[in-house]
Amino acid sequence: MLTATDNSLNYLLDGMQSAAEQDNVTLRDVLEEFGDRSITPFILLASILLVSPLSGVIGVSTFMAILVFILSAQALLGRKRLWLPEFLLNKQMKSAHLHSVVRWLRKPSLFFDRHSGKRLQFMTTGPMRVLTLLMCTILPIGWPFLEFVPFASSTGGATVALFAFGLFTRDGLYVLLGYLAMLGVGVAFYLVFF
């Protein structure tokens, strides 16, 4: 079990890789690898999986939407201990898939870890933290409807990942980038459909 308090994305990827030692890995295996930590890293883990090629697999967007919604709602309500229903905890996937996703995410993760710091911290505390967690709770609601549009949920996953990474590392710049991404998607949607 990983016990360090490292706030890096690669630390989280190490934990996912370590959890996938058997042929199949469950969400319970991944959570147990990290022990008793705050909820924010798990929101980050779930959302970055949607930015990976895994998001193209049918059912992943819906599963991650449920997971991010439940996690974000708990963080929003101030829960310190994580709770998930058994059907989510027991959800299995092939460890080989998880290993390939971790490999795919290593380079971008190194970039984000190198370029994070204690900036614009007012964006990660108080009312801004609450607002950001509210956005993380609302955004996944639409993902299941994008299930059959290949990689469409990746945009929402990337936005939530920026929010969660900013909260996790206390770097408000990433939270701000998440809001800008959300605004950009909203403008693009308006221009395309109206």
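The values are calculated or read from the model by the stated rules, or taken from the named source; none is laboratory data. All figures in this text were calculated on a predicted structure; none of them were measured in a lab. With ideal geometry, Cβ positions are generated from the backbone for all residues, glycine too; neighbour counts draw on all protein chains shown. What goes into the accessible areas is simple: the full protein's heavy atoms, side chains included, and nothing from ligands, DNA or RNA. Shrake-Rupley method; radii C 1.70, N 1.55, O 1.52, S 1.80 Å.
One table, with the values for the structure above:
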| item | result |
| --- | --- |
| Cα gyration tensor shape of region 82-194, rounded if a/c is under 1.5, else prolate or oblate by comparing a/b with b/c | rounded |
| Rg(Cα)/(2.2 N^0.38 Å) for region 12-118, N = residue count | 1.04 |
| Computed label-point distance, nm, for sites F194 and L134 using a 7 Å Cα→Cβ extension | 2.1 |
| Dimensionless Rg over Rh [the chain; C-alpha; Kirkwood] | 0.94 |
| FRET efficiency, 1/(1 + (r/R0)^6) with R0 30 Å, evaluated for V185 and K107 via beta carbons | 0.80 |
| The chain, accessible surface, carbon-and-sulfur percent (1.4 angstrom probe) | 67 |
| Neighbourhood net charge (12 Å Cβ-Cβ; Lys/Arg +1, Asp/Glu -1) for G166 | +3 |
| All lysines inside 27 Å of K91 as judged from Cα atoms, apart from same-chain residues fewer than 8 positions distant | K80 |
| Cross-link reach list, lysines versus K94, counting only Cα pairs under 27 Å and skipping chain neighbours closer than eight places | K107 |
| Electrostatic dipole magnitude of region 13-69 [Cβ: Lys, Arg +1; Asp, Glu -1; Cα centre; debye, to 20] | 300 |
| Pair N90, A152: separation of 7 Å Cα→Cβ label points (nm) | 3.2 |
| Approximate spin-label separation K118-D6, in nm, with each point projected 7 Å along Cα-to-Cβ | 2.1 |
| Dipole magnitude of region 1-159, debye to nearest 20 (Cβ charges: Lys/Arg +1, Asp/Glu -1, about Cα centre) | 520 |
| Cα centroid of region 124-140 to Cα centroid of region 74-97, whole Å | 19 |
